[in-house]
Amino acid sequence: MQTIQSLDPLRNAVETLRADGELALVPTMGALHEGHLTLVREAKARAAHVAVSIFVNPRQFGANEDLDAYPRRLERDCAMLEGEGVSLVWAPSVEVMYPEGYATNISVSGVSEGLCGASRPGHFDGVATVVCKLFNQVRPDLAFFGEKDWQQLAVIRRMARDLDLVRPHADRIFGVPTVREADGLAMSSRNAYLSPNERAKAAALPQAMHEAIGKIEGGSEVAATLGHLALELLDRGFASVDYVELCDASSLEPMSALTGKPARLLVAARIGPARLIDNMAVNGAH
Ligand code: PAF
């Protein structure tokens, strides 16, 4: 496994790997956990070689967010990836990614605007910009993202379609189902911020979501059920709820009732120092 930190060696390494078969990219911000390794395994199953990028992208953090506190564990991450048969780790510095004079921003309207886009202005511009750069740097045939960041996946697919990206083509951007802890909490690097007490309470998020989905699929009114879900989270130890929405699974337009089209329940809520997000499929039509 090669760990590369500048662009020229990256281009050479990528060319050599691609001569040998398809190359998959798993973009990450490091602090890897089982959820990331699941993406890597999925990528390995579909491509001859897997590249993993590790870059804590300052452009996707707001002024009051956790950029400085975000865990950075390059050595440990590389050791984990070596064990997974990854061919290449791309770990550029901020200066390599955004050299002096850097001035370009990619903004995807529509899917970026609601949900996390409303509570984190500029976040998805930062994500779309860095992912487009990572795609151009690594030029993968396929790319893999966690479904835990459902809106991020929708934004990246829209960006790839709109910009006619070739490596990877939008159709070869894959979402991988969320990996969960035994109590149902979605794995996230930000779970590390939680105290044991907060961590125990955080399991209320997936549990309350499952309960709400059962009610909506059983015919309960959507608005009332979502309102009840938000109150339930506050009752069970969350400090605040950023959003609780039922949306069309691909356009992310809010839905006030099930229509038979794929729907998704998406939630963001704060507990202790962490803002947790989760999403789940909702089936049926009423
Ligand atoms: O999901 C993440 O870890 C990041 O948002 C990504 C896609 C690596 C872009 O920085």
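All of the numbers you see were taken from the coordinates with simple rules; none came from a lab. All figures in this text were calculated on a predicted structure; none of them were measured in a lab. Glycine gets a Cβ as well: all are built from the backbone with ideal geometry, and neighbour counts include every protein chain shown.
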Projecting the Cα atoms of A128, A47, N105 onto the charge dipole of the chain, where Lys and Arg contribute +1 and Asp and Glu -1 at Cβ, the residue farthest towards the positive end is A47
Assign unit charges at the C-beta atoms only (+1 for Lys and Arg, -1 for Asp and Glu), then state the dipole size of the range 1-122 relative to its Cα centre in Debye, rounded to the nearest 20.
180 debye
Given charges at Cβ of Lys, Arg, Asp, Glu: the chain dipole, positive-most of L163, H228, M80
M80
Between A281 and A257, what is the FRET efficiency for a Förster distance of 22 Å, r being their Cβ-Cβ separation, to the nearest 0.05?
0.85
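Only bridges with both residues in the chain count here: give the DSSP antiparallel percent, nearest 5. Intermediate results must be reported in sequence, preceding the final value.
Values: 20 of 38 bridges.
So the antiparallel bridges in the chain amount to around 55 percent.
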When only DSSP loop residues count, what trypsin sites (Lys or Arg not before Pro) in the range 1-74 have their Cβ near at most 15 other Cβ atoms within 10 Å?
R72, R73
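What ranking of H169, H228, H123 emerges when the number of other C-beta atoms within 10 Å of each C-beta is taken as an exposure proxy, fewest first?
Details: H169 14, H228 17, H123 21.
With the fewest neighbours first, H169, H228, H123 line up as H169, H228, H123.
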In whole Å, what is the distance between the alpha-carbon centres of the range 1-45 and the range 168-189?
17 Å
Please rank C78, C247, fewest neighbouring Cβ atoms within 10 Å first, as an exposure proxy.
C78, C247
Amide H to amide H, which residues 5 or more places from G237 or on other chains are under 5 Å from it, using H placed in the peptide plane?
none
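Work out the FRET efficiency for S93 and N64 from their Cβ-Cβ distance, taking R0 = 35 Å, and round it to the nearest 0.05.
Values: r = 24 Å, r/R0 = 0.69.
E(calc), rounded to 0.05, equals 0.90.
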Mind putting a number on the dipole of the range 142-286 about its Cα centre? Charges go on the C-beta only, +1 for Lys and Arg and -1 for Asp and Glu, and I need it in Debye to the nearest 20.
400 debye
Semi-axes of the equivalent ellipsoid for the chain, please: Cα gyration tensor eigenvalues, times 5, square-rooted, ordered largest first, whole Å.
33, 21, 18
DSSP-assigned coil residues among GluC sites (Glu not before Pro) in the range 171-249, each with at most 15 further Cβ atoms within 10 Å:
E221
Given axes a ≥ b ≥ c from the Cα gyration tensor, I'd like to know whether the range 1-99 is rounded (a/c under 1.5), prolate (a/b larger than b/c) or oblate.
oblate
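Counting other Cβ atoms within 10 Å, keep those with at most 12, restrict to DSSP loop, and tell me which GluC sites (Glu not before Pro) in the range 13-112 are left.
Working: sites: E15, E22, E34, E42, E65, E75, E82, E84, E95, E100; in loops: E22, E65, E84, E100.
Answer by residue number: E100.
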Taking the chain as a Gaussian network, where each spring joins two C-alpha atoms under 10 Å apart, which residue of G114, G101, G146 fluctuates the most?
G101
Around I277 (Cβ within 11 Å, Cβ-to-Cβ, excluding I277; K/R +1, D/E -1) the net charge comes to +2
Distance histogram in 10 Å bins (all Cα pairs of the range 67-120, percent per bin)
17, 26, 35, 22
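When the dipole is taken about the Cα centre of the chain, and only Lys, Arg (+1) and Asp, Glu (-1) are charged at their Cβ, what size is it in debye, to the nearest 20? All intermediate terms of the calculation are to be shown ahead of the outcome.
Working: 28 positive and 36 negative charges, 41 e Å.
So the magnitude is around 200 debye.
Nearest 0.05, what FRET efficiency do D162 and Q2 give at R0 = 41 Å with Cβ-Cβ as r?
Computed FRET efficiency for D162 and Q2: 0.80.
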Given the Cα-Cα distance of A118 and T16 and 0.36 nm per residue of separation, how much length would full extension add, in nm?
32.5 nm
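Give the order of T259, T178 when sorted by the count of other beta carbons within 10 angstrom, beginning with the fewest. Numbers along the way, then the final one.
Numbers: T259 12, T178 20.
Exposure proxy ranking, most exposed first: T259, T178.
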